[in-house]
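Working notes for the structure below.
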Amino acid sequence: MAHCIIIRGPAGIGKTTIAKLLAKDLDAEYISLDDILHEKDLDHVEGICIKEENFLRVNDVVIPKMNALMRKGKNVILDGNFYHKNHLKELIRASEFPVQVFTLKAKVDDCISRDSARTGEDKIGEKNIRQVHALVSKWDYGTAIDIGKKSAKETAAEILRKLRTPARGGAAQAS
């Protein structure tokens, strides 16, 4: 049975790199919430973050797509910050298939260091990294993984070891 894996964590932690490695290893479809936010012109920061309403509008795009893929037997990997709890809970609730969430954790200075290695438009900046890190770190969901100084490949391998066999019928939810 197909299932969905959600990779959440602060900016600069390596979510996209890890999600793409997992998608390749699992022959899964990768969906970037950041890309959809950008494509739909919903990535405007108000105050210190993007409004929850904008993320819920992204769900309107993601949910039908992920369910359609999983109905065809394809696993789905999603990545995003998920700093609004309702955004994540709505996505899990609407999934027709099991969902497993992994929260990546690292010190803010590690995220800043990783971001400083980025180039061009991919660079987020120290202030934004600190703000998103604070928002994401307010709560955990699913399986927390402290990535510390681990490489993306080491983190993806740890996630693969921790994947559980999805239960039949209904989404497997962690709290």
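Read the figures in this text as sums done on the coordinates, not as results from a lab. Source: prediction; values computed, not measured. When we count neighbours, we look across all protein chains shown, and the Cβ atoms used for this are built from the backbone with ideal geometry, even at glycine.
Mean residue ellipticity at 222 nm, helices only, the chain: -14000 deg cm²/dmol; runs of at least 4 DSSP H residues each add -39,500 (n - 2.57), and the sum is divided by the number of residues. A simple rule links phi to the HN-Hα coupling: the Karplus curve 6.51 cos²θ - 1.76 cosθ + 1.60 with θ = phi - 60°, which for the range 32-42 gives 9, 5, 4, 5, 5, 3, 5, 4, 8, 6, 10 Hz, with x for Gly and Pro. The H on the amide N of GLN100, modeled in the peptide plane, is under 5 Å from the matching H of CYS4, ILE5, ILE6, each at least 5 residues off or on a different chain.
With r defined as the distance between the Cβ atoms of SER151 and LYS127 and R0 fixed at 22 Å, what FRET efficiency is calculated, to the nearest 0.05? E between SER151 and LYS127, to the nearest 0.05, is 0.25. Think of the range 63-119 as having a plus end and a minus end, set by charges on the Cβ of Lys, Arg, Asp and Glu; of ASN86, SER116, PRO98, PRO98 sits farthest toward the positive end of this dipole. Shown for LEU21, LEU160: other C-beta atoms within 10 Å of each C-beta, ranked fewest to most, produce the order LEU160, LEU21.
Amide H contacts for ASP79 (H built 1.01 Å from N in the peptide plane; partners 5 or more residues away or on another chain; cut-off under 5 Å): ILE7, ILE31, LEU33. Straight-distance candidates among the lysines for linking to LYS162, with alpha-carbon spacing under 18 Å and chain neighbours fewer than 8 residues away dropped: LYS15, LYS20, LYS24, LYS105, LYS150, LYS153. For the listed peptides 3-14, 89-100, a ranking on the average number of other beta carbons within 10 Å per residue, highest first, reads 3-14, 89-100. What is the range 4-162 by shape, rounded, prolate or oblate, if you read a ≥ b ≥ c off the alpha carbon gyration tensor as root eigenvalues and call it rounded for a/c under 1.5, prolate for a/b larger than b/c, and oblate otherwise? Here the range 4-162 falls in the oblate category.
Which residues does a label at VAL61 reach in the range 81-100, if reach means a backbone N under 19 Å from a point 7 Å past the Cα toward the Cβ? Taking a point 7 Å out along Cα→Cβ of VAL61, the residues of the range 81-100 whose backbone N falls under 19 Å are 81-84, 87-92, 94-95. Summarised as an ellipsoid, the range 28-83 has semi-axes of 24, 10, 9 Å, derived from the eigenvalues of the Cα gyration tensor scaled by 5 and square-rooted, with the largest first. Take 143-154, 66-77 and order them by the average number of nearby Cβ atoms within 10 Å per residue, most first; the result is 66-77, 143-154.
Would you work out which of LEU26, LEU56, ALA11 lies farthest towards the positive end of the dipole of the range 4-162, given +1 charges on the beta-carbon of Lys and Arg and -1 on that of Asp and Glu, about the Cα centre? Selected residue: LEU26. Per-residue Karplus couplings for the range 48-58, computed as 6.51 cos²θ - 1.76 cosθ + 1.60 with θ equal to phi - 60°, are listed in order as 10, 8, 7, 4, 4, 3, 5, 5, 5, 5, 5 Hz, Gly and Pro entered as x. Only Lys, Arg, Asp and Glu carry charge here, each on its Cβ (+1 for the first two, -1 for the last two); on that basis the range 4-162 has a dipole of about 480 debye about its Cα centre. Going 7 Å from the Cα of GLU158 along its beta-carbon direction, which residues of the range 88-115 have the amide nitrogen within less than 15 Å of the resulting point? Under cut-off, by backbone N: 102-108, 110-111.
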